[in-house]
Structure formats: structure tokens, C-alpha cells
Amino acid sequence: MGKEHSRRARLRRIKDKKAREAAEQQMRAERERHRRHERVHQPGSREQLKEAWEKGDRMDRDSFDPKAFFMLHDINGDGHMDVNEIEALFWKEVGLVD
């Protein structure tokens with residue numbers, strides 16, 4: 001709601017009709033681009049972990065098993081994901097390491 005209010009306020013400040021129409025058209029194009037953009041998953045969400053399972057671990061997405069995923073990424077086997085293990089997972093996720 002706040003973003004829409006800001007957009008409208010910005011448009012009200014534009015006095016030239018052609019400039020306002022151009023700004024409105026640009027805003028519509030930005031909204032459409034945003035609508036069509038691939039959905040971004042929150043880090044650590046089930047969907048993001050499934051994506052890591054499929055792409056990073058090269059496993060079948062439909063066979064996603066949270067316990068197996070955890071065991072694969074709990075490198076030192078202590079039963080906890082420490083900062084280094086989580087960091088390694090995300091480095092792999094963004095493609096900076098194999």
C-alpha cells in the first residue's frame with residue numbers, strides 16, 4: 001500500500017500531461033515485469049531447499065527428503081547446521097563452488 005501511495009504522489013507532482021502519461025506507462029511496464037519475474041524463494045524455505053536438492057545435489061526434486069538433505073549438508077555430523085555448513089550450502093547454491 002505504501003508503494004502505491006508513493007507512486008501516486010510522484011505522479012501528482014508531474015504537471016506536464018505527456019510526462020505524467022509516460023511515467024504512468026513506465027510504472028505499468030515495471031509492474032508487468034515484476035509480475036512475470038520468476039518467483040524468488042526465501043533462503044531456507046522448503047522450496048529453496050528443494051531447489052538446492054535438485055540443482056546442487058543433483059537429486060530428483062520429487063524425492064526431496066528433509067532428513068536426507070540435512071544429513072548431506074551436516075558436514076561434521078554433529079547434528080547441527082553451523083554457520084560454516086550453511087554458508088557452504090549457499091555458496092554452492094549461487095554457483096560459486098562445485
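Quick check: the angle from helix 83-93's long axis to the longest principal axis of the chain, C-alpha only, nearest 10 degrees? For helix 83-93, the angle is close to 60 degrees. Taking A68, A29, A88 in turn, the Gaussian network model of the chain (Cα-Cα springs below 10 Å) assigns the largest fluctuation to A29.
Under the convention that each Lys and Arg Cβ holds +1 and each Asp and Glu Cβ holds -1, the size of the dipole of the chain around its Cα centre is about 1680 debye.
GNM remark for the chain: springs join alpha carbons under 10 Å apart, and the peak mean-square fluctuation among D74, D16, D82 falls on D16. Looking at the chain as a GNM with Cα springs under 10 Å, which of E87, E32, E47 has the largest mean-square fluctuation? Answer for the Gaussian network model of the chain: E32.
Measuring between their Cα centroids, the range 73-88 and the range 6-44 lie 42 Å from each other. Between 0 and 90 degrees, the angle of helix 2-13 with respect to the longest Cα principal axis of the chain falls at about 30 degrees. Considering only Q26, M81, S63, the residue lying farthest towards the positive end of the dipole of the chain is Q26, judged by Cα position with unit charges set on Cβ. Label positions at V83 and E21, each projected 7 Å from the Cα along the C-beta direction, are separated by 5.7 nm. Per residue, the average separation of C-alpha pairs within less than 8 Å and at least 6 apart gives the range 46-93 a relative contact order of 30 percent. Rg then Dmax, both in Å and based on the Cα atoms of the chain: 21.7, 65. Put a dot 7 Å past each Cα toward the Cβ at F90 and D62; how far apart are the dots in nm? Taking the two extended label points, one gets 3.2 nm. Once the C-beta distance of D74 and Q48 is scaled by a Förster radius of 25 Å, the resulting FRET efficiency is 0.90 to the nearest 0.05.
The numbers here are math on the coordinates, done by the rules we state, and not lab data. In this text, all values refer to a predicted model and were calculated from it rather than measured experimentally. Glycine gets a Cβ as well: all are built from the backbone with ideal geometry, and neighbour counts include every protein chain shown.
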